[in-house]
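The values are calculated or read from the model by the stated rules, or taken from the named source; none is laboratory data. These figures come from a predicted structure and were not determined experimentally. Cβ sites come from the backbone with ideal geometry, for glycine too, and all protein chains shown count toward neighbours.
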Amino acid sequence: MNSSFYNGISGMKTHQFGIDVWAANITGVNTTGFKASTPEFSSVFNTQLANSFFDPIFSDVGLGSKAQASVTNFNHGTTVATAGKYDMAINGDGWFGVVDQNGDKFYTRAGEFQRDKEGYLVDNEGNYVTGTSANNFQNGMVVDEPTSPVPLDAVTEQSKILIPEELIIPPAATTKVNFSGSLNADIVTKFSGETGKDEEVANIEVYRTNIIDAQGNENSLEILLTKVVPQAETGITWNVKATLTDENKNPLTTQEGQIEFNARGAIISNSLNSIDNNGTTTALNFGTFYDPNVPNSGFDGLVSLSGFVSERVTTKDGHKQGNIKEYGIVPDGTIMANFDNGQALPISRIAIFNFQNDEGLESANPVYFKESANSGKARFYTDADGNYLQGSTVSTNKLEMSNLDISTALTELLIMQKAFDASSKSITTSDQLIQNAINMKQ
């Protein structure tokens with residue numbers, strides 16, 4: 001009978017542990033990135049009542065239960081929209097990496113981030129979010145303009161992410177201007193008083209665009225194309241004149257040449273390849289020369305055709321000086337700096353870490369986790385060439401909330417309460433039986 005006392009006591013202790021776990025889960029139901037836990041129990045041991053060779057069964061009496069473990073549920077929580085500029089949620093598997101003031105590393109799904117007073121990206125606890133920097137700015141000035149996404153460094157080389165409040169991108173001179181479109185090759189006539197009949201006159205086409213010089217000045221470039229009259233027996237020839245003026249319409253330079261097209265209208269030669277842009281040589285690309293062995297050659301720039309009109313397009317590089325306007329985050333985790341001159345530049349990339357076994361992570365609290373021998377080392381996925389891949393993408397202005405099912409939690413809490421009450425009842429019942437046995441002696 002004494003064992004029933006201890007069974008009741010162990011039951012109360014065990015279910016008190018269960019109540020504590022589920023109560024803690026409920027308190028974290030509105031916590032960003034919260035991962036709920038499930039209490040697990042086991043028997044202490046059994047006493048064997050019969051073990052004779054001739055007994056048909058073994059009769060055991062249990063001697064109570066104990067708390068075995070609190071197992072974390074790593075399922076994804078619900079994603080909600082927010083107004084936070086740097087709020088992020090991971091789409092799929094993976095973890096944000098953060099470093100505290102002591103340099104200890106943690107991993108979390110809570111993406112409620114903001115800039116601290118020094119410009120570093122931090123979470124609500126002041127831990128630094130880690131990633132790879134493009135290393136393309138110094139002292140508030142852009143020193144390099146990468147044209148490709150920021151490649152991830154190795155897992156062990158991830159560091160704090162700096163998002164400067166002030167950032168300037170210096171001017172970049174225009175080095176190349178591309179022209180495309182159709183020049184009207186139709187024969188245009190006009191009545192001549194000298195000859196008393198219609199005479200062919202030159203067609204005129206004009207392209208205009210602005211280009212940037214090395215000092216950041218915006219100069220105006222005009223390309224004047226005049227059809228040669230009369231034309232040769234084969235092909236079509238246009239005279240071309242490039243004129244550059246400054247912002248006040250003062251002439252800077254003028255250069256001339258000729259562009260020739262074959263009978264099909266494809267470009268075959270060009271004698272005006274560049275212009276002096278106030279000290280910088282700017283290439284003028286009117287298209288690749290026709291080569292019957294190269295697809296689309298001769299037709300990827302200017303063409304000279306009769307009865308055909310196409311959209312005129314001018315593309316160029318270079319830009320004026322720009323100041324930071326805002327920052328944005330694209331799905332691969334790259335932080336883009338957007339400037340008031342229309343330029344966009346990647347400055348860093350947020351790292352998304354993965355583990356061989358998420359369930360093996362050591363819980364620092366229900367939001368932060370540490371790698372362990374069971375989880376394996378933090379890692380990145382790689383492609384066939386060994387380049388690091390992000391794995392999952394991120395969504396901005398969103399947060400992953402708790403993964404707790406509140407209805408399940410409340411049900412489990414009631415079960416634990418009833419089990420606790422029942423365990424306490426077994427103690428009082430055993431006490432009454434012993435009291436009855438004592439009273440029998442009287």
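Numbers at a glance
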quantity	calculated
Filter pass, G287 being surrounded by fewer than 19 Cβ atoms within 10 Å (Cβ to Cβ) and touching a residue at least 60 places away in the same chain (Cβ under 8 Å)	no
Count of segment 192-243 residues which are in contact (Cβ under 8 Å) with a residue 12 or more places away in the chain and of a type in the set (D, E, K, R)	8
Top-ranked residue in segment 106-151 [being surrounded by fewer than 16 Cβ atoms within 10 Å (Cβ to Cβ) and among the charged types (D, E, K, R); ranked as nearest to F34 (Cα to Cα)]	E125
Wholly within segment 65-125, strands (runs of 3 or more DSSP E) carrying at least 1 residues that are in the same structural domain as Q16 (by TED's automatic domain parsing) and within 30 Å of F420 (Cα to Cα)	65-72
Subset of segment 147-163 that is part of a loop (DSSP other than H, G, I, E, B) and modelled with pLDDT of 95 or more - its residue that is nearest to R312 (Cα to Cα)	I163
Sole exception among (1) over 24 Å from V313 (Cβ atoms); (2) at pLDDT 95 or above for K249, by number	(2)
Some residue of segment 350-369 being in contact (Cβ under 8 Å) with a residue 12 or more places away in the chain, in a loop (DSSP other than H, G, I, E, B), closer than 30 Å to T253 by Cα and of a type in the set (F, W, Y)	no
Meets criteria (touching a residue at least 12 places away in the same chain (Cβ under 8 Å), out of contact with any Pro (no Cβ under 7 Å at 6 or more places or on another chain) and not polar (S, T, N, Q)) for G257	yes
Subset of segment 290-301 [surrounded by 12 or more Cβ atoms within 10 Å (Cβ to Cβ) and either β-branched (V, I, T) or touching an Asp or Glu at 6+ places or on another chain (Cβ under 9 Å) (or both)]	S297, G298
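Listed here are the residues, each with its yes/no results for (1) closer than 23 Å to D153 by Cβ; (2) of a type in the set (K, R); (3) assigned to a strand (DSSP E or B); (4) not assigned by TED's automatic domain parsing to the domain that holds T209.
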{"site": "D332", "(1), (2), (3), (4)": "yes, no, no, yes"}
{"site": "M336", "(1), (2), (3), (4)": "yes, no, yes, yes"}
{"site": "G342", "(1), (2), (3), (4)": "no, no, no, yes"}
{"site": "S348", "(1), (2), (3), (4)": "yes, no, yes, yes"}
{"site": "S375", "(1), (2), (3), (4)": "yes, no, no, yes"}
